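Asks: Got a structure for you, questions after.
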């Protein structure tokens, strides 16, 4: 066997597999920063495809081997929904197969070229057609890689259609490869092969165009919903600040009366009642005095959430050491802390066991020029997850937007979010670089 041709087959298969994995990587973010899974999948798939091309691995067709390795890779090492992973694996496989048959159909139009020369012989014609197919694959996959992801679609019937169409294309390509490429020496059979490949490509592009349009609509709806929620949160925060302001005014208005009562108890020697009254005053004023970090935005947010927590019988503690001015925008800080604390309060409200403590603790510090936010709260022990990702248990198609906003704001400033839970405790830790 010509070693040069082995090298050519290896390089061609390497290009095909790399483009396929590149498409997958553009659609689904990695679960880890390691490049090892990508390299291993690239090597295994390239080696297997080369052995199949050279006729050394005959028990499995290349149209089964390649997508199987890609699907295993994307399921194990890339984030995202299973539906999207299956969809893109099938679309990629169907397009590769259609391009291959298109290359065969074009090659058969050349004088003196037969199916055996194109498929098996180590010839210049086969080499040129391989280069043509990989060039077309590069253009198509590069175009697809720049388009939207599939994770936004939620309608089950639409999902079924998007899976059924590329799956049907894949099966047609597989049958053509395994059983349909027999005698194709007649002009009619060659044109039938050419028409089949172009038809499959056209069908898949129509499917993708429909998906792209539908995905754009869903994305715009999500964006509008996100903006509405941000506006609602800011409006809610303003109402909460107004409520805090009214409570402070009421406390100051009654302060003179409190002094008179305290003075009366002191003159009468009612020291027990004096102590009890002071304790009552302390409890009612703690919420107004606890959020005093010096940062007006943080104090306003914490102060309003403290009032809500107190009204819900939730213990609320803070440990805040932050500068009066931070580099992140006040609106971003409001959305970030507002979502964190709203989620914590909702989690505490779901606790039905009367003997379980309901609490929220907030810690904010500057560590190594980064804003560190640590929120701990009690839960009922029920936490929903999708893989390693925490998801909201709220009803509705737009649930989980609050968690998404937290992640987006942290990412906007080059930070990160870490969430974890154990038994009836949930924790969120956020690090945001403080860049001047």
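Every number in this text was worked out from the coordinates using simple rules, so none of it is lab data. All values derive from a computational prediction rather than experimental measurement. Virtual Cβ from ideal backbone geometry, glycine too; neighbours counted across all protein chains shown.
Asks: For 202, 90, what ranking results if the residue with the fewest other Cβ atoms within 10 Å of its Cβ goes first?
Replies: Details: 202 11, 90 23.
So the ranking, lowest neighbour count to highest, is 202, 90.
Asks: Arrange the following residues from fewest to most other Cβ atoms within 10 Å of their Cβ: 263, 374. Walk me through the numbers before you get to the answer.
Replies: Working: 263 11, 374 17.
Ordered by Cβ neighbours within 10 Å, fewest first: 263, 374.
Asks: Direction-averaged shadow area of the convex hull around the Cα atoms of the stretch 15-97, nm²?
Replies: Numbers: hull surface 20.3 nm².
That works out to 5.1 nm², a quarter of the Cα hull's surface.
Asks: Below 8 Å between Cα atoms, with a sequence gap of 6+, how large is the relative contact order for the stretch 290-433 in percent?
Replies: Over the stretch 290-433, the number comes to 22 percent.
Asks: What is the stretch 290-433 by shape, rounded, prolate or oblate, if you read a ≥ b ≥ c off the alpha carbon gyration tensor as root eigenvalues and call it rounded for a/c under 1.5, prolate for a/b larger than b/c, and oblate otherwise? If you can, show how the numbers build up before the last one.
Replies: Working: a/c = 1.78, a/b = 1.23, b/c = 1.44.
Taking the square roots of the gyration eigenvalues as a ≥ b ≥ c, the stretch 290-433 is oblate.
Asks: Something else: What is the extension gain from residue 412 to residue 127, computed as 0.36 nm multiplied by their sequence separation minus the C-alpha to C-alpha distance, in nm to one decimal?
Replies: Stretched out fully, the residue 412 to residue 127 stretch lengthens by 97.9 nm.
Asks: While we're looking at this one, here's another question. Within the stretch 301-327, which residues have the backbone N less than 20 Å from the label spot 7 Å out from residue 349 along Cα→beta-carbon, could you tell me?
Replies: Counting backbone N atoms under 20 Å from the label point, the list is 301-317.
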